[in-house]
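The values are calculated or read from the model by the stated rules, or taken from the named source; none is laboratory data. Keep in mind it's a predicted model, so treat the numbers as computed, not measured. Don't worry about glycine lacking a Cβ; one is built from the backbone with ideal geometry, like all the others, and counts go over all protein chains shown.
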């Protein structure tokens, strides 16, 4: 058997693994926990472990499963494993390795296909639910939705809820509480009844106080009131979950919870996974939730699992992650009846010794001293040849001094950088609102700077422009959107012209203009003018968009000649977009906006920072968001814009993409986004007691938190360093003792949250490869930072002055940087070209053609703006045309006026396949046309195999139809209706025409429309047979529900004729 060091040599690696790495790589085939400090080479070690197992014939590549949290991390791990195995296959020592395995195994054959499975925890759970979900049962094809869509659904459910909720919270806050409570219940596999029982137990303790529950103090009373509100929210949670099930929607938390149930309740799922994967790698295990722990231990407790994690980098407790899973891993994944073995990686390949000294000091405050037997990982050590690096600390009286010191230090690093080494640097902060002053300070010093993650996708300039334009199309009263467009580079109006448009809007709306000329202070005057433009909808019946559409007398309202040209150009573009928006799908609306305003072209002309080419990445990502939303039933532009507003509020504007390190600039980002990244020079700012203040949120006060005893990481026996404290003993001897018990529990939670803030600080520090600068200002340093003052040398302290905690000095208002408009060179070149146009070719035929085209476009535009759509009803119709006419005459008219093919979808394709299969059962080929297949928005609930099973179990299998796919043509009034009937069966009192349906049952409102189709079938079959219509019944058979819908009364020929005549335009 080859050892890890030899294998490294065969792979041609420049450095062999460390002793600790070699122990992990060459460990026996059994479950093990690897606790790896920051920068300790865990990804390389995991990949090397797989290569060693494959090289020694212990596992094949396709038997390896790797799980991590992000797609980017999964891709990196997969590439690392595949790359090492490919190198192994191409090694000059390959034949030697192959010979070591003997005749029974062939390494060459094993490596013919290199296909390890590496996925995210969420995608793996989704795969399990899709493959085994019917065992629960649960709909395998349920769609995963974002928090924004979840908030919209929660709003609807809460509005319809009629039960009591005794809370003074705002409606939208209560909606957010509902979503968060449901998420925490799912992450911890908790059902409503468990919360009820735990809550009533606390109420019983309160009632046991001798003077009664009513006598306890105000704080304890508020705690009990929060429990009441949570109980009142539980029925809403149940309705919320029921709605999601009915609509076949699912959250990632719910998907993970279902996967955990599958693994726990159905041993055959685990058996199948263990047969498929004999080696499992679990990355970032300190961030896994209780549901993930249950899922993985149920599946692979008897397999060979290697989990890698770092308790000091557990910073996602707010989303359910807990480092206590590291503590419990050895018992969860035993080997031969004994706890799994633990390994450590404590050599940092990233940080110099000076940085590690500080990091280890911070870690000791959480993990305890190196001699603590409970400590999961020992202090980090640098590589033997690693330089000392440099550290500096500073506490400053003012924010301005802190910013200037950090900016000067980074500017010095930038200008003194070595030419042969790419320069990388980062400023890490906890709050995004602090980014702007630092960005401005760096730019003033000429340092290239990139702000990472300040905005979500929806607030990135080019995307925000498109959204503002879209809002102008459907909501003229949205003055903020109009102001955005008018002041943008695409239109470029100055303040005077925008003010002129506001005067026109006031005229159109009948409101009076506020006189701002008397305001002496320029800043206050500007504020008053902006406020006037952005006055509320209640005050302003007409908006800026109305003024753009109807500027009236431009000279009278004070619009400049250049401004008038720009406004008229904007108005023409908006008219075109508004007219086309009624006839195209949602993605095409934004494609038209992008094209008409040349947004993609402008983005491609934009100068990029220091070689970084973003290009149209954000536009492409936004197009994906629009496409995904457009698949929702009834998606419209106004609904999408509401979705966008919710996404900005609750999803931080949607994720614009992964964060990457870029050289030759300083990047500014949050500490959370920096995890997993590294830079040569790192400054961690605002390390004060307020910024890193421990949150005091607990289930006692927060109704969206579940009782701590129900949390997956509940520390029942007080033995965990990372578990959640439990309210196990409550003193009810007196009302004061009762209140003190609750306060002690609250304080224990505060300490737990304080530890997470310290771990976040540790993560920030360990991003530095060479130099580290830690600063704070105004407020005192937070505890973990202050402790470092006595650890470093005196010359590393830049300054150590700050205001006392009780200082009441008024804070200066925060400043911001207003972006400068870009002026692409392309515009100048176009204007220059206009000055020297080529001679006009006198081609009469061409002019005539242009005139005809323009006239046709103008006529179509006028017709589209008409309040009513007047279309002559065709003489020839199909049965489904009649249904569409009855259901939505206006939509039917628009489609007849400008036919647009139905977009093929998976449900129509599945319906086609099912109909074809039925015709084969009855011995005749299917003759369905596309229009019939696309009728309505039929939603197929079951997959094709299930539909077949339902049909084979129905009465229809044993019945023989007298006709299948029977074509017909029947005259009704002045119109001729054509179509085909799926099947006709003889019965004692006549005939039954059956139309197979693969979707949902119609609502009461839809039923009247679809009955038109059956009425036509009945009349057509009666005519074909020469019998009275009363001898013919017609029905829909809903295959997935085993239900026959046979209306007792169907419209006769006269009623159908009246419907058709009523829709003909009056001449």
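Table for the structure above
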| item | result |
| --- | --- |
| Pairs where the first residue, in the range 416-428, is free of Cβ contacts under 8 Å to residues at least 60 places away in the same chain and the second is part of a loop (DSSP other than H, G, I, E, B) and surrounded by 10 or more Cβ atoms within 10 Å (Cβ to Cβ), C-beta under 6 Å, 6+ apart | 417/423 |
| Pairs, first assigned to a helix (DSSP H, G or I) in the range 119-144, second loosely packed, with under 15 Cβ neighbours inside 10 Å and at pLDDT 90 or above, C-beta under 9 Å, six or more apart | 132/268; 135/265; 135/268 |
| Extreme residue, farthest from residue 777 (Cα to Cα), among residues of the range 638-671 that are under 25 Å from the mean Cα position of the chain (by Cα) and at pLDDT 90 or above | 667 |
| Selection within the range 205-249 - farther than 29 Å from residue 737 by Cα, assigned to a helix (DSSP H, G or I) and touching a residue at least 12 places away in the same chain (Cβ under 8 Å) | 233, 234, 235, 236, 237, 238, 239, 240, 241, 243, 244, 245 |
| For residue 908: the one exception among (1) at pLDDT 65 or above; (2) touching a helix residue (DSSP H, G or I) at 6+ places or on another chain (Cβ under 7 Å); (3) outside any strand (DSSP E or B) | (1) |
| Residue 548 being modelled with pLDDT of 85 or more and part of a helix (DSSP H, G or I) | yes |
| Counted residues, the range 752-790 - those being within 28 Å of the chain's Cα centre (by Cα) and either part of a strand (DSSP E or B) or under 12 Å from residue 688 (Cβ atoms) (or both) | 2 |
| Matching residues in the range 245-277 - criterion: being more than 17 Å from residue 134 (Cα to Cα) and in contact with a helix residue (DSSP H, G or I) (Cβ under 8 Å, 6 or more places away or on another chain) | 251, 252, 253, 274, 276, 277 |
| Qualifying residue in the range 710-724 (condition: touching a helix residue (DSSP H, G or I) at 6+ places or on another chain (Cβ under 6 Å) and closer than 17 Å to residue 225 by Cβ) | no |
| The listed residue being touching a helix residue (DSSP H, G or I) at 6+ places or on another chain (Cβ under 9 Å), buried (at least 20 other Cβ atoms within 10 Å of the Cβ) and not in a strand (DSSP E or B), out of 983, 1015 | 1015 |
| Test: residue in the range 178-201 that is more than 28 Å from residue 290 (Cβ to Cβ), in a helix (DSSP H, G or I) and outside the structural domain of residue 296 (by TED's automatic domain parsing) | no |
| Lone qualifier among 40, 30, 48, 73 - being in a loop (DSSP other than H, G, I, E, B) and buried (at least 19 other Cβ atoms within 10 Å of the Cβ) | 40 |
| Meets criteria (assigned by TED's automatic domain parsing to the domain that holds residue 623, more than 24 Å from residue 603 (Cα to Cα) and assigned to a loop (DSSP other than H, G, I, E, B)) for residue 476 | yes |
| Which listed residue is modelled with pLDDT of 90 or more, crowded, with 21+ Cβ neighbours inside 10 Å and touching a helix residue (DSSP H, G or I) at 6+ places or on another chain (Cβ under 9 Å), from 154, 194 | 154 |
| Residue match in the range 300-309 (condition: in contact (Cβ under 8 Å) with a residue 24 or more places away in the chain, assigned to a loop (DSSP other than H, G, I, E, B) and under 27 Å from the mean Cα position of the chain (by Cα)) | no |
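Conditions tested, residue by residue: (1) without any contact (Cβ under 8 Å) to a residue 40 or more places away in the chain; (2) crowded, with 20+ Cβ neighbours inside 10 Å; (3) out of contact with any helix residue (DSSP H, G or I) (no Cβ under 6 Å at 6 or more places or on another chain); (4) assigned to a loop (DSSP other than H, G, I, E, B).
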site: 321; (1), (2), (3), (4): yes, yes, no, yes
site: 327; (1), (2), (3), (4): no, yes, yes, no
site: 366; (1), (2), (3), (4): no, yes, no, no
site: 371; (1), (2), (3), (4): yes, no, yes, yes
site: 377; (1), (2), (3), (4): no, yes, yes, yes
